Amino acid sequence: MSSVEMIPPSLIRRRSPPPGNFMIRSALATIALLAATLVVTTPPAQAQPGDLVCLPPTSSTVTFSPPLTTTSQTATVTTTNLFGPCTSTSVPDITSGTFTGSYTVPNRSCLTLTGSGTSTSTITWNTGQTSSLTLNFTTTIVGAVYTSVVTGVVTGGLFAGDTVISNQTGPATDILLCTAGPGTVSSLHTIGTITFT
């Protein structure tokens, strides 16, 4: 009858990894964890909504060629918007912006300068970045003050998805003289604010 020879536990040699292996594995795990954390917590490079305000003398100048009268006519309308001083928490380099557009409009007169409508524009910021906007506007005259209220959204570019609100006012003297008969309107100038929220 054969017997099984028992080896004392003290003589059994356990195989252990080389001393450096554990430290290397631990370091690699730490690096992987840090990399994953950076991927999760690093904010996107684009600006976040709700952080742009442009204060007076932010302005809009609209010129009409030929000048408007009470008779409807086709006119070339040129709009120049100057934004600034502007402040933004996520894009602190933005301090100003501009928009210029020119288009031909039929049936234009000084009697059509109030009302509501829609428009699109693209603001070019002093950083070279742009924001494309789709806007709804309402213009009114109260007393001798011409008021433009604009709301809309940023549809592309910097601040995409933001809501836009702009309020501007200017003198309505030329419009009132024109609608009364003797005057013409060659331009409108308003000053106010614009915010992206």
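Values quoted throughout were computed directly from the atomic coordinates according to the rules given, and no laboratory measurement underlies them. The shown structure was predicted, so the numbers you read here are calculated from the model rather than taken from an experiment. Cβ: placed from backbone, ideal geometry, glycine included. Neighbour counts: every protein chain shown.
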*Using the Karplus equation 6.51 cos²θ - 1.76 cosθ + 1.60 (θ = phi - 60°), what ³J(HN,Hα) coupling, rounded to whole Hz, does each residue of region 54-69 give in order, writing x for Gly and Pro?*
10, 9, x, x, 3, 8, 9, 10, 10, 10, 10, 10, x, x, 7, 10
*Going out from 0 in 10 Å bins, what whole percent of all Cα-Cα distances in region 154-197 drops into each bin?*
25, 29, 23, 18, 5
_Just to check I understand the Karplus step: with θ = phi - 60° and J = 6.51 cos²θ - 1.76 cosθ + 1.60, what whole-Hz values come out for region 78-83, glycine and proline as x?_
10, 10, 10, 10, 10, 10
*residue 104 versus residue 116: modelled label distance in nm, points set 7 Å from Cα along the beta carbon direction*: 3.0
*asked:* So if each residue of separation counts as 0.36 nm, and I subtract the Cα-Cα distance between residue 165 and residue 136, what length gain in nm does that give?
replied: 9.5 nm
_Using a Förster radius of 25 Å, what is the FRET efficiency between residue 155 and residue 89 based on their Cβ-Cβ separation? Nearest 0.05, please._
0.70
_Per residue of region 92-106, what does 6.51 cos²θ - 1.76 cosθ + 1.60 with θ = phi - 60° give for ³J(HN,Hα)? Whole Hz please, x for Gly and Pro, Karplus curve as stated._
x, 6, 6, 10, 7, x, 9, 9, 9, x, 9, 8, 9, 10, x
